[in-house]
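Report on the following structure.
The values are calculated or read from the model by the stated rules, or taken from the named source; none is laboratory data. These numbers come from a predicted model, not from an experiment. Cβ coordinates were reconstructed from backbone atoms using ideal geometry, including for glycine residues, and neighbour counts include every protein chain displayed. Each accessible area value is taken on the protein alone, full model and side chains, heavy atoms only, with ligands, DNA and RNA left out. Shrake-Rupley method; radii C 1.70, N 1.55, O 1.52, S 1.80 Å.
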Amino acid sequence: MSTRTFDEALAGVAADTVESLAMMFLLSPEEASLQGPATGSRAAAVAFTGPFGGSVIVETCGAVQSQLAANMLGLESDAVPTEQQEQDALKELVNVICGNLLPVLAGPTPVFHIDAPRLLTPQQALDARRDGLAAVAAVCTEAGEVNVVLLTDAPMPETVEA
């Protein structure tokens with residue numbers, strides 16, 4: 001069995017989830033570099049406890065938030081999601097990423113409790129990164145960027161079994 005870093009594990013789970021749940025096409029690093037800087041952001045977090053505890057934060061930049069909600073809800077191409085629909089889609093995305101990530105990090109046997117997701121202000125998301133940062137990943141789509149952060153309350157090994 002091979003090993004990979006926590007950043008690589010998080011990036012893989014985040015990319016798979018954005019592709020399958022949000023039905024969004026991902027860009028290669030070369031394509032993403034041509035997009036230029038993203039503006040505006042929203043964030044949501046979900047905390048978990050179990051063999052180790054922590055939280056996962058998802059931040060969206062650019063128009064990805066609207067596209068995420070529209071795709072997850074199956075809205076018509078000309079429909080514009082409401083603010084509430086966009087918030088709910090973001091909270092569901094962070095919840096699913098966390099649920100998919102924990103078995104990758106801890107294996108299928110350990111049991112975790114995942115709290116209800118909550119919205120964060122951009123400042124709260126930035127402040128949260130100061131404590132227990134374990135991994136970060138960026139997923140680039142045509143609509144914008146999805147950044148995912150894993151925070152833990154315990155030291156984690158440097159690699160995880162792939």
* **Wholly enclosed helices (runs of 4 or more DSSP H) of the stretch 48-162 bearing at least 3 residues surrounded by 14 or more Cβ atoms within 10 Å (Cβ to Cβ), in contact with a helix residue (DSSP H, G or I) (Cβ under 9 Å, 6 or more places away or on another chain) and not aliphatic (A, V, I, L, M)** => 64-73, 83-106
* For A11, work out the one condition from (1) modelled with pLDDT of 90 or more; (2) among the hydrophobic types (A, V, I, L, M, F, W, C); (3) part of a strand (DSSP E or B) it doesn't fulfil. => (3)
* Asked: Is it the case that some residue within the stretch 18-36 is closer than 14 Å to G144 by Cα, modelled with pLDDT of 80 or more, part of a helix (DSSP H, G or I) and open to solvent by 40 Å² or more (accessible area, probe 1.4 Å)?
  -> yes
* In the stretch 66-76, is there at least one residue being over 22 Å from D16 (Cβ atoms) and free of Cβ contacts under 8 Å to residues at least 40 places away in the same chain? -> yes
* **Number of the condition not met by G99 [criteria: (1) more than 24 Å from T152 (Cα to Cα); (2) without any contact (Cβ under 8 Å) to a residue 60 or more places away in the chain; (3) under 13 Å from the mean Cα position of the chain (by Cα)]** => (1)
